[in-house]
Amino acid sequence: MNLHEYQGKEILNSFGVEIQRGIVATTPEEAVEAAKKLTEETGTGWHVIKAQVHAGGRGKGGGVKLAKNIQEVKDIAGDIIGMNLVTPQTSAEGKKVHQVLVTEDVYYPGDSEPEEYYMSVLLNRATGKNMIMYSTEGGMDIETVAEETPHLIFHEEIDPAVGLMPFQARRVAFNLGLSGQAFKQMTKFVSALYKAYENSDSSLFEINPVLKTSDDKIIAVDAKVSIDDNALFRRKDYAAMRDIREENATEVEAKEAGLSYVDLDGNVGCMVNGAGLAMATMDLIKQAGGEPANFLDVGGTADAERVETAFKLILKDPNVKAILVNIFGGIVRCDRVAQGIVDAYKNMGTINVPIIVRLQGTNADIAKELIDNSGLDVQSAIEFQEAADKVQAVLS
């Protein structure tokens with residue numbers, strides 16, 4: 001589950017991570033009040049107005065702007081709230097901005113120049129260890145840094161059974177070229193950041209940039225946080241932060257129906273039971289010259305109601321040119337699935353895309369007979385290759 005910047009910062013701050021302070025606003029008037037309050041509390045004269053959407057690169061799309069007075073706060077907030085923000089991480093339509101974060105200006109003059117760093121905490125699946133990834137090149141896309149200057153990206157691997165050791169936090173500060181007070185503040189920051197990651201059941205903490213201010217404070221200017229969905233049952237306070245307006249509407253509907261669904265960009269809809277078979281089916285579609293339009297695991301109870309719901313979800317995508325149903329009857333009987341497909345098809349009326357159904361396993365022969373004798377525009381298959389050939393035929 002992805003969080004907004006302000007929500008991620010709330011979690012960080014609760015674990016002692018220094019953050020750029022801010023207040024959320026949903027109207028220009030609220031933004032003005034937020035700016036005035038921040039001025040009273042922090043003394044900041046300028047404010048940064050940030051669009052709150054689940055996407056990176058907001059500044060490139062005009063979603064992050066500096067306001068030098070109260071009137072500019074109101075004008076900028078008015079421009080950003082309600083806009084469709086297009087960034088490198090959104091679709092061409094962009095995402096509608098419902099709220100902004102009004103923050104203090106932390107790039108104030110002082111004894112030294114502010115410096116920006118990149119830092120993230122995540123799981124290294126190759127080693128089974130947590131990892132702090134960091135770089136002196138903060139404020140840039142980390143993908144660009146990795147491609148052009150990979151030697152400027154550092155990694156610190158942490159055994160979750162042991163936790164972050166003090167020498168590792170010091171090594172991070174050293175590799176970032178810090179000394180004196182900034183060095184001490186960075187080691188404290190890194191320790192608090194890892195504690196936040198470990199104790200919040202997060203799958204990702206990304207701070208870009210981490211800022212060394214002109215007076216050697218280390219603070220999180222941004223925060224991209226993803227919470228592990230599997231841990232939400234014990235994180236009710238985090239679960240309440242979910243903003244479904246930022247999520248794919250079809251995926252939200254699928255989740256409410258108890259289906260595992262991920263929207264993709266292809267032209268062949270998939271309906272499968274089991275995640276492993278679903279992945280193999282997506283490979284099958286690619287091999288047949290198509291592109292999967294979704295990942296959809298209907299689970300082991302593929303009855304008529306569940307199948308009908310799955311069909312409706314797939315058909316919401318106007319790019320779908322064919323549907324491949326691939327069911328292995330282990331726990332579930334193939335004949336029951338076949339009957340569910342027939343019933344769902346009849347209940348939905350006209351379906352204007354061809355459907356290929358591959359049923360293998362318990363009672364597969366009976367299932368094929370049900371499909372073939374149904375009188376519906378549904379093609380049955382037994383073997384994987386046979387299904388692939390039929391997908392290829394309907395796409396050509």
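Coordinate-derived values only; no laboratory data. Model, not experiment: these values are computed from the prediction. Virtual Cβ from ideal backbone geometry, glycine too; neighbours counted across all protein chains shown.
If Lys and Arg each add +1 and Asp and Glu each add -1, what is the summed charge of the other residues whose beta carbon sits under 11 Å from the beta carbon of L370? Its environment carries a net charge of -3. Note on the range 21-105: along the principal axes its Cα atoms extend 39, 19, 17 Å, ordered by decreasing extent. When the charge dipole of the chain is built from unit charges on Cβ atoms (+1 for Lys and Arg, -1 for Asp and Glu) and taken about the Cα centre, the candidate among V353, H98, A257 whose Cα reaches farthest toward its positive end is A257. Strictly over 21 Å apart at the Cα level, which of K95/K321; K9/K236; K60/K95 would you flag in this model? Result: K95/K321 exceed 21 Å.
Each residue of the range 85-101 is assigned a 3J(HN,Hα), and the resulting list reads 7, 9, 10, x, 10, 10, 6, 5, 6, x, 10, 6, 8, 9, 7, 10, 10 Hz, derived from the Karplus form 6.51 cos²θ - 1.76 cosθ + 1.60 (θ = phi - 60°), x at Gly and Pro. Helix 384-395 and the longest principal axis of the Cα set of the chain meet at an angle near 80°.
As a proxy for reagent exposure, S191, S135 were ordered by neighbouring Cβ count within 10 angstrom, fewest first; the result is S191, S135. The smallest convex shape that holds all Cα atoms of the chain, its convex hull, gives 165 Å³ per residue. Taking only the alpha carbons of the range 87-155, we obtain Rg and Dmax values of 16.4, 44 Å in that order.
Rounded to the nearest 10 degrees, the inclination of helix 28-42 to the longest alpha-carbon principal axis of the chain is 40 degrees. Note on K368: lysines with a C-alpha under 20 Å away, same-chain residues under 8 apart excluded, are K346, K390. For G299, the residues whose amide H sits under 5 Å from its own are G274, ignoring neighbours fewer than 5 places away on the same chain, with H placed 1.01 Å from N. Rounded to the nearest whole Hz, the Karplus-based 3J(HN,Hα) values (6.51 cos²θ - 1.76 cosθ + 1.60, θ = phi - 60°) of the range 165-177 follow the sequence 8, x, 5, 6, 4, 5, 5, 4, 4, 5, 5, 7, x, with x at glycine and proline. Could you give the angle, 0 to 90 degrees to the nearest 10, between helix 275-287's Cα long axis and the longest principal axis of the Cα atoms of the chain? Result, in degrees: 80.
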